[in-house]
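Below is one structure; the comments refer to it alone.
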Amino acid sequence: MHQPASSHEHTDPLQPAADILFAYLRSIIYSPADASLDIERLPEPFVNVGKGLEYLHSAISETRALAGELAAGNLDCELPPPGNEIAAPLKHLHSSLKHLTWQAQLVATGDYMQHVDFMGDFSHAFNEMVTQLQTREANLKDAQAVMERIFNLVEPIIVVRDGEQPEVLYANEMAESRLAAKAGPGLPERGTMLSQVMALDLRDMEQEILDRNSAKWYGVTVHKLAWGDTVGARLFYCRDITTHKMRENTLDIVAHTDDLTGISNRRAFDQRYATLWNTCLSAEKPLSVIMFDLDFFKQVNDTYGHTLGDKVLKCIAERVSNEIRPYDLFGRYGGEEFILFVSDINEEDIKIQSERIRTAICGNPMVFDEATLTISASLGVASVTAADYLTGVIRIADEALYKAKNEGRNRVVMADIAVIR
């Protein structure tokens, strides 16, 4: 009987080599990082096939590397050698993308004549984008031209400068007329209003500057905007606020000035007194407070009326103002009571100064239409040199003033420093 052949007898001796080559080819395609081939394991008839697969592996690896660089947007990469025809389409794509990048860079500089016809649907999208950019830039230029015409019709000064460089990008007719501003690079002449505008804080905020040439105040509002090709430009909108500042200063003067005598009122004196006191103490200067009251002033009002009494107060303020320094703080403290803050004069000299003030008040008669009067004053003086004497110095000077009255009036009484201590 015929016996069937065993499986061993039908095994193909070339099958192991074929399996090795197939596994290598599969790795090249699906896991190229793990693909490897030991040529020495192959029988002689399969060696050239193995070497051919190694060439294929190298070509696919080069192509895959190029594809990865293109996917990452890196066009400055190494290209596969000319013999790798598998990578030829990708190399062509690389060349097209390089050329397209160059064209896009030209478009970015404003060259809207660029046209692409070698990348299918993408070419249509690119060309449409360039057309829209060209249209929008033209519209922006038209809009900016309209805006410049509007700026030339308004009264406020308008200056546009580069946000990074000291360059005027635009100046309306009012800016050209009042500031001599013109578009161009470089800093304006120092001391001019334009130099003040160019030096302003570039943040969006309102600021104030004084044009010393015209003695006008301007409120300046800063706005960030795109101007032509400059994205971070700043527009300075300068409006004349001189009337407002004058009104503001007038109100400040009214609030801090005694309307009868023209010197500081009590509120203004108290505000400046604390500031000056601290400034002088930090410089270790001697400080003095002089308080004085007109003697028998009530009799003037009762005899001649308050109109003449007001004239007397104004005359006294003028006489004392002529005897003190411009930076001494002099104020009317209430009624016929006055106060004076003096710094940087020692105790002996402040007593001499106080006597000079007393003499100025009573030394010469005051001649009015209604009467000729001689008015005297009693003065109390507190002179200190240490910071811990601040509290109560005015009170101590006031007590010295009343002591002068009690001792007969028309005199100067120096406060006992020990009392303050």
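The values are calculated or read from the model by the stated rules, or taken from the named source; none is laboratory data. Predicted model, so just to flag it, every value in this text is computed and none were measured. Virtual Cβ from ideal backbone geometry, glycine too; neighbours counted across all protein chains shown.
Taken over the range 152-182, the residue count meeting the criterion of being over 17 Å from Leu225 (Cβ atoms) and either buried (at least 16 other Cβ atoms within 10 Å of the Cβ) or not polar (S, T, N, Q) (or both) is 11.
Restricted to the range 199-268, the set of strands (runs of 3 or more DSSP E) holding at least 3 residues that are among the acidic types (Asp, Glu), over 19 Å from Gln165 (Cα atoms) and within 24 Å of the chain's Cα centre (by Cα) comprises 206-211. Would you mention how many residues in the range 285-306 are closer than 18 Å to Ile394 by Cβ and either outside the structural domain of Asp398 (by TED's automatic domain parsing) or of a type in the set (S, T, N, Q) (or both)? Qualifying residue count, the range 285-306: 1. Is it the case, given these coordinates, that Gly309 is farther than 27 Å from Thr275 by Cα, small (Gly, Ala, Ser), in contact with an Asp or Glu (Cβ under 9 Å, 6 or more places away or on another chain) and surrounded by fewer than 17 Cβ atoms within 10 Å (Cβ to Cβ)? For Gly309, the condition - farther than 27 Å from Thr275 by Cα, small (Gly, Ala, Ser), in contact with an Asp or Glu (Cβ under 9 Å, 6 or more places away or on another chain) and surrounded by fewer than 17 Cβ atoms within 10 Å (Cβ to Cβ) - is not met. When Lys91 is tested against the conditions (1) in contact with a Pro (Cβ under 8 Å, 6 or more places away or on another chain); (2) under 22 Å from Ser36 (Cα atoms), the lone failure is (2).
Looking across the range 346-361, the residues that are surrounded by 18 or more Cβ atoms within 10 Å (Cβ to Cβ) and β-branched (Val, Ile, Thr) come down to Ile350, Ile357, Ile361.
The number of residues in the range 250-266 that are of a type in the set (D, E, K, R) and modelled with pLDDT of 90 or more comes to 2. Taking the stated definitions as given, is Asp398 surrounded by fewer than 13 Cβ atoms within 10 Å (Cβ to Cβ) and out of contact with any Lys or Arg (no Cβ under 6 Å at 6 or more places or on another chain)? No; evaluated as a whole, the condition is false for this residue.
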